[in-house]
Structure formats: structure tokens, C-alpha cells
Amino acid sequence: MEIIQIGTLPSVVGKNIEDTITSYGYLPIRELSGHKLGRYELHGDKRLPNIGVPYDPAEASLQAGEVYALETFASTGTGSVHEVSGNRYIYMLLPRRVPLRNPVSRKIYSTAYKKYKTLPFAERWLSSYDNFNRSRVRFALRELMNNAGVVAYPPLADEKGSYVAQYENTFIITENEGVIVTTQPPFEFEIPESLQEKISDDDEQEKENNKE
């Protein structure tokens, strides 16, 4: 966490994560990584890998005003995960209009959009709103999937019998350091003017979209 600052290269972050995890006798999960965050955008255009990757001269470093989720995964298994078949419980709405015939499905879709926009959410979270029961939520999600309106995330697992531990913090990169914002308040942080302007622009754009 101490190296998260302006100018740090993602490959350097990955090398530090891998060295730390392997020093304890475990393996980092190579397919998973931390990432840049945007407003209602879970995965941005930069990654913070869990392994040391080859240095790329064109690699973009961390910059002031950027926000990152630093996610480390340590495994007692192979250090590689695969998708597990079966039920899926995590979803994300796609930024497009979806025709839904069922009125209850439309109401569930509207609730999901108001609460989460294009951020992932759990099936059980929707069941807690407006007395939606589990079967209606599942029906609505199936209808959304059939109309390409939602993405479903499958469970991931390393080899059978292994254990995976995950630790995460979210950082805002400032001129002096990376400020952790996943701790409980109070924490000292003043939003840079450039970021304030962007938030205001995003708010105005969202108001216009809602009018449409």
C-alpha cells in the first residue's frame, strides 16, 4: 500500500504483491487484479496485477485524481482460477434500453437501475426491495439475460480443496500519496478541483439522461 502514489507503474505493484504473497508460501491468483475505478464504472482502463508482469515502456503510471481498487488474492492451490458451472448470483446491468414484457420485471429492472446503475449487485439484494420475492427476481433476471440487458458473473474457484484469501482497499491518488478511503471516517481528504469539475459535469449529464 505504501507504493500507491503518483508515477507508480502497475507492473511494480504486481511485483510487490507477488513477492509478498510468495514469501509466505502461497501463490497469487494471476487471472485476477485490482483496477482503476470510474463513476458507475467498476473496471477502468488500468489494472493493478497480482503478479510481476514484463515491463512495457508504454505502460501508464498512476496519476493524481485517479481512484483504484487494490485487490490481492493469495491461494494455497495452483494460483489459477476457473469458472464454476451452476447457479450465478452476481449481475450487472448493461447501459442499454431493454424491452421487457412483464410489468413486474420492468419494476425490478427499474429498482436495480436506480440502486446500482451499471455496478454489480447480488440477486438477494433485489429480493429485499419492494417485497420482491426470489422467484420474481430470478424471472426478471432471466428475461434481462435473454434480451442481453444484464451480465451474469459465475463463481470462480482454484483447485478443489484449496483456500483463497482476498484483501482489498480503495485509494484516491493525491499529489502527495495514495489516500485509503475504505477506512471508517473521519479521514482527511479534499477533492481536487479537477475532480470536482468532473463530478459536476457527470451530475449534469445524468440529469439530462433522466429527462430523456
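Just so it is clear, none of the values below were taken in a lab; they were calculated from the coordinates. Keep in mind that this is a model prediction, so the values were computed, not measured. Ideal geometry is used to build each Cβ from the backbone, glycine not excepted, and the neighbour counts take in all protein chains shown.
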Assertion target for THR182, THR76, ordered by fewest C-beta neighbours within 10 angstrom first, is THR182, THR76
For the stretch 23-92, the Cα-Cα pair-distance distribution in 5 Å bins from 0, as whole percents, is 3, 13, 18, 20, 20, 15, 8, 3, 0
Least to most buried among LEU126, LEU9, LEU93, by other C-beta atoms within 10 Å and fewest first, runs LEU9, LEU93, LEU126
In debye to the nearest 20, the charge dipole size for the chain, taken about the Cα centre with +1 at each Lys and Arg Cβ and -1 at each Asp and Glu Cβ, equals 1740 debye
With Rh as the Kirkwood radius over Cα pairs, the chain has Rg/Rh of 1.01
Per the Kirkwood formula over distinct C-alpha pairs, the hydrodynamic radius of the stretch 91-153 in angstrom is 11.3 Å
In terms of the charge dipole of the chain, which places +1 on Lys and Arg and -1 on Asp and Glu at the beta carbon, the residue among ASN147, GLY44, GLY65 farthest towards the positive end is ASN147
Of the candidates SER127, PRO54, LEU156, the farthest towards the positive dipole end of the chain (Lys/Arg Cβ +1, Asp/Glu Cβ -1, centred on the Cα centre) is SER127
Result: in the chain the number of Lys pairs with C-alpha under 15 Å apart, spaced 8 or more or on different chains, is 7
Karplus ³J(HN,Hα) for the stretch 78-86 (6.51 cos²θ - 1.76 cosθ + 1.60, θ = phi - 60°; Hz, whole; x = Gly/Pro) runs 8, x, 9, 10, 9, 6, 9, 6, x
Diffing the stretch 165-176: the Karplus 3J(HN,Hα) column from phi (6.51, -1.76, 1.60, θ = phi - 60°), in whole Hz with x for Gly and Pro, holds 10, 10, 9, 9, 9, 10, 10, 10, 7, 10, 5, 9
Pseudo-spin-label distance ASN87 to GLU31, built 7 Å along Cα→Cβ, given in nm, is 2.2 nm
The residues ASP56, ASP158, sorted from fewest to most surrounding Cβ atoms within 10 Å, come out as ASP56, ASP158
Here, trypsin sites (Lys or Arg not before Pro) of the stretch 98-145 satisfying both criteria (DSSP loop; at most 12 other Cβ within 10 Å) are ARG101
